[in-house]
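Structure first, then comments.
The values are calculated or read from the model by the stated rules, or taken from the named source; none is laboratory data. In this text the structure is predicted, and so the values were computed from the model without any measurement. Neighbour counts run over all protein chains shown; Cβ positions are idealised from the backbone, glycine included. These accessible areas exclude ligands, DNA and RNA; they are computed on the full protein's heavy atoms, side chains included. Shrake-Rupley method; radii C 1.70, N 1.55, O 1.52, S 1.80 Å.
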Amino acid sequence: MDGFSVGRFTAKGLRGLRRSLTLWWLSQVAFLVSLLVSLMLALLGTGLGLLMLPLTVAAVRRLANRQRALAADWTGEPIPDPYAPPPVPGWSARCQWIVRDGQTWRDWLWLVTEPVVGGTLAFLPIGLVLAGSWGIYLGFRGVELAERWGGIWFEFFPVQGATTAALSAVVGLLHLALALWAAPYTVRAHAAYTHRLLAPSQAARMAQRIEHLSATRSDVVGTQMAEIRRIERDLHDGAQARLVAMGMTLDAAEHLLDSDPAAVRRLLTEARAASSKALEELRDLVRGIHPPILADRGLADAIRALALVSPLTTEVTIDLPGRAEPPVESALYFAVSEVLTNAAKHSGADRAWLDVRYDHAMLCVTVTDDGRGGADITRGTGLRGIERRLAAFDGVLAVNSPLNGPTMVTMELPCVLSSPKTTSF
């Protein structure tokens, strides 16, 4: 084994030992919290336990979430949030929500087993380090201690002289090497155990999925109805009104055809101008429903067209090996349009950067501007509307907008791209 391999092995082992220490400490915290839960259960009959229930469960969930976060960071396998959404405010409603949530009982099962199972897994490499350190110490002081104490043992042999003292030091070094080797595996085993108990059950995942689909379906229906009302309003106030006026103008021209040809000529000119304006409004309306460039040339060119007409100086970087389904392209197109419009109206930005890429079955669009920042998805309806639009496709929206900027809006949608050579769009 060369020096580089030894260094990598040592670094990996030391990292595993640090993580083992963290896990062992958390297992002791879990033991203390389990005592709190036991006290709360013992006091249920007096009524005090019910008062303690929300606070106790909150402590358990904070500790469990800490373990979930560590397992996700160290293994790269995130553990989804398993808890049902909180109820309306109220102590009674909150207690019912806690008791009816199946994950509450899974958390308590984990809390009982964590000090034993998790603590043992975490302490195994630590114990090897302690034993190895003791063996090395005996290699230097073992003979002296044996004479002072009337004999001393290390592992399976007594330390009686210089030879056995040296042997204890060698065995101690082997213990240290074994600890460095074992620590990453015990950490991984602990993460698997954590995932087993703290990840949402199949029933919980199905319930969350159904709830998500119900919410997104409701949002989609609401959005569609709002869009239909907008189209109806635009038609009524725009093209329809102009067509009615044009009909009245033509009717007046018909009555003046024999008596005043000059007036008829003016009325026909007005009618022609009205028809041109109505046609222009209809084209704008159709473009707002589904832009022709998006249908004909795809998302990449449609986003480039948005950048060209944006008031901001916009740089575009696109890496798309194919085309997504039309609904996905439409959702992202209008989301990007909304983000650019918000940046131009509210952020005070001068420049924007658009990055579109496809990676690991995920279509990702990032919009960055140099504005004043402070964008918050919880305030206003613009970003919230984008989030609902993307949620219908299992997409997500992330906003990073510190005060004084810059603002970065990231949108991700899972999808499959078609080949640009075989697409029928």
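Listing for the model above:
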| item | result |
| --- | --- |
| Summed residue charge, Cβ within 12 Å of M408's Cβ, Lys/Arg positive, Asp/Glu negative | -3 |
| Separation of the L173 and E77 label points, Cα + 7 Å toward Cβ, nm | 3.7 |
| Rg(Cα) / (2.2 N^0.38 Å) computed for segment 316-363, rounded to two decimals | 1.31 |
| Cα centre as origin, Lys/Arg/Asp/Glu Cβ charges: segment 253-358 dipole, Debye | 160 |
| Alpha carbon convex hull of segment 295-391, projected area averaged over orientations, nm² | 6.3 |
| Net +/- balance of residues flanking E315 in space, Cβ distance below 13 Å, scoring K and R +1, D and E -1 | -2 |
| Amide H partners (placed H, <5 Å) of V316, local residues excluded | L354 |
| Extension gain, L403 back to R272 (0.36 nm per residue minus Cα-Cα distance, nm) | 41.9 nm |
| Rounded accessible area per residue of segment 295-425, 1.4 Å, Å² | 51 |
| Relative packing of 368-375, 352-359, which averages over residues the other C-beta atoms within 10 Å, highest first | 368-375, 352-359 |
| Apportionment of accessible area to carbon and sulfur, segment 124-189, percent (1.4 Å) | 71 |
| Mean Cβ neighbour count within 10 Å, used as a protection proxy, ranking 300-309, 255-264, 122-131 highest first | 122-131, 300-309, 255-264 |
| Accessible solvent surface per residue of segment 138-182, calculated while the other protein chains remain in place, 1.4 angstrom probe, Å² | 61 |
| Carbon + sulfur, % of accessible area of segment 1-63 - ligands and nucleic acids excluded, 1.4 Å | 73 |
| Cα→Cβ-extended label distance, 7 Å offset, between R297 and F140, nm | 7.6 |
| Radius 11 Å from Cβ of D107, net charge of other residues (Lys, Arg +1; Asp, Glu -1) | +2 |
| Segment L279-W25, length gained on full extension (0.36 nm per residue, minus Cα span) | 84.2 nm |
| Antiparallel DSSP beta bridges within segment 247-375, as percent of all bridges there, nearest 5 | 55 |
